[in-house]
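Accompanying notes for the structure given below.
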Amino acid sequence: GENVEQHPSTLSVQEGDSAVIKCTYSDSASNYFPWYKQELGKRPQLIIDIRSNVGEKKDQRIAVTLNKTAKHFSLHITETQPEDSAVYFCAASIADKLIFGTGTRLQVFP
Amino acid sequence: DVKVTQSSRYLVKRTGEKVFLECVQDMDHENMFWYRQDPGLGLRLIYFSYDVKMKEKGDIPEGYSVSREKKERFSLILESASTNQTSMYLCASSPGSLNTEAFFGQGTRLTVV
């Protein structure tokens, strides 16, 4: 079945630095790749997504890249701020079913 | 604004009890999901549903069942609760069209003692 691996499990950066989280997926039929942010005690919320016909998408300080050949996709956060501290989940979708990675806890230190 | 509401924020149940977790969405979404969230394991799919009275097993269905009698409501049932089912349970819904955002409920933290 579908499997999504996510790395690293924890990431600590200084405010203003960039952060990169990487995911790989197993099913080549996957065609939708969302990223969710979960703040402490809150529900996961979508921050950006990418579809398989696009290689890169950017929204202000957040960007996602997709390499379908290698079955890799990554989240890039630039100019990190303390409020970016949260757990981030990648996911891959096949036929409306979302399979999530194991999460990355990002800590941004002032 | 999409709202996905889970009936309880916290639950404490005894081993062997039958437990019902309820989820309601107000956006006429076709798809509904139940996930379990554990530290280091991410969000694991238990069951999902594409339509009323329809259900599909996810990756970890053992010990669980579901019910979807109405479009807006998706229930997760623990037939006989066990301590290894202590976890955070998250419900989500999404529209019927492919590749669209899933909206999550606030979660139910279940403790089985």
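Give the number of residues within segment B:55-67 that are farther than 16 Å from B:F20 by Cα and either within 12 Å of chain A (Cβ to nearest Cβ) or surrounded by fewer than 15 Cβ atoms within 10 Å (Cβ to Cβ) (or both).
So the count comes out to 5.
Which condition breaks for B:K70 when tested against (1) within 14 Å of another protein chain (Cβ to nearest Cβ); (2) open to solvent by 80 Å² or more (accessible area, probe 1.4 Å)?
Just one mismatch for B:K70, condition (1).
For segment A:56-110, which strands (runs of 3 or more DSSP E) that fit wholly inside it have 1 or more residues that are farther than 15 Å from A:L11 by Cβ and open to solvent by 60 Å² or more (accessible area, probe 1.4 Å)?
The qualifying strands (runs of 3 or more DSSP E) are A:56-59, A:62-67, A:72-77.
Are any residues in segment A:28-44 open to solvent by 40 Å² or more (accessible area, probe 1.4 Å) and either assigned to a strand (DSSP E or B) or touching a residue at least 40 places away in the same chain (Cβ under 8 Å) (or both), and if so, which ones?
Once the filter is applied, which keeps residues that are open to solvent by 40 Å² or more (accessible area, probe 1.4 Å) and either assigned to a strand (DSSP E or B) or touching a residue at least 40 places away in the same chain (Cβ under 8 Å) (or both), segment A:28-44 yields A:S28, A:A29, A:N31, A:E39, A:L40.
Condition (residue is more than 26 Å from A:T102 (Cα to Cα), of a type outside the set (V, I, T), assigned to a strand (DSSP E or B) and within 15 Å of the chain's Cα centre (by Cα)) applied to segment B:60-68: is it met by at least one residue?
The answer is yes, given that some residue of segment B:60-68 is more than 26 Å from A:T102 (Cα to Cα), of a type outside the set (V, I, T), assigned to a strand (DSSP E or B) and within 15 Å of the chain's Cα centre (by Cα).
Count, please, the residues in segment B:1-54 that happen to be open to solvent by less than 10 Å² (accessible area, probe 1.4 Å) and more than 11 Å from every other protein chain (Cβ to nearest Cβ).
6
Could you grab the pairs with beta carbons closer than 6 Å, sequence gap of 6+ or different chains, first residue in segment B:95-107 and more than 7 Å from every other protein chain (Cβ to nearest Cβ), second one open to solvent by less than 40 Å² (accessible area, probe 1.4 Å) and modelled with pLDDT of 85 or more?
Sorted first by the residue in segment B:95-107, then by its partner, the pairs are B:P95/B:H29; B:T100/B:S94; B:F103/B:V4; B:F103/B:S93.
Under 6 Å between Cβ atoms, which residue pairs at least 6 apart in sequence (or on different chains) link something in segment B:51-70 that is more than 24 Å from B:L41 (Cα to Cα) with a partner that is among the hydrophobic types (A, V, I, L, M, F, W, C)?
Matching pairs, first to second residue: B:R68/B:V52; B:R68/B:F74.
Output the qualifying pairs, or none if there are none: Cβ atoms under 7 angstrom, residues six or more apart or on different chains, first residue in segment B:25-38 and of a type in the set (F, W, Y), second residue assigned to a loop (DSSP other than H, G, I, E, B).
B:F33/B:A102
Specify which of the listed residues (B:A81, B:A92) is surrounded by 21 or more Cβ atoms within 10 Å (Cβ to Cβ), among the small types (G, A, S), at pLDDT 95 or above and part of a strand (DSSP E or B).
Matching residue, one of B:A81, B:A92: B:A92.
Failed condition for A:I47, given (1) more than 10 Å from every other protein chain (Cβ to nearest Cβ); (2) farther than 22 Å from B:F104 by Cα; (3) open to solvent by 10 Å² or more (accessible area, probe 1.4 Å), with all others met?
Unmet condition: (2).
Which members of segment B:6-60 meet the condition of being at positive phi and touching a Ser or Thr at 6+ places or on another chain (Cβ under 7 Å)?
B:G16, B:G40, B:G42
A:G16: part of a loop (DSSP other than H, G, I, E, B) and either modelled with pLDDT of 95 or more or β-branched (V, I, T) (or both), yes or no?
So A:G16 passes the test.
Which of the following residues is among the small types (G, A, S) and within 11 Å of chain B (Cβ to nearest Cβ): A:S12, A:S28, A:S85, A:S93?
A:S93
The values are calculated or read from the model by the stated rules, or taken from the named source; none is laboratory data. Bear in mind the structure is a predicted one, so any value in this text is a computation, not a measurement. Virtual Cβ from ideal backbone geometry, glycine too; neighbours counted across all protein chains shown. Side chains included, ligands, DNA and RNA excluded: accessible areas come from the protein's heavy atoms. Shrake-Rupley method; radii C 1.70, N 1.55, O 1.52, S 1.80 Å.
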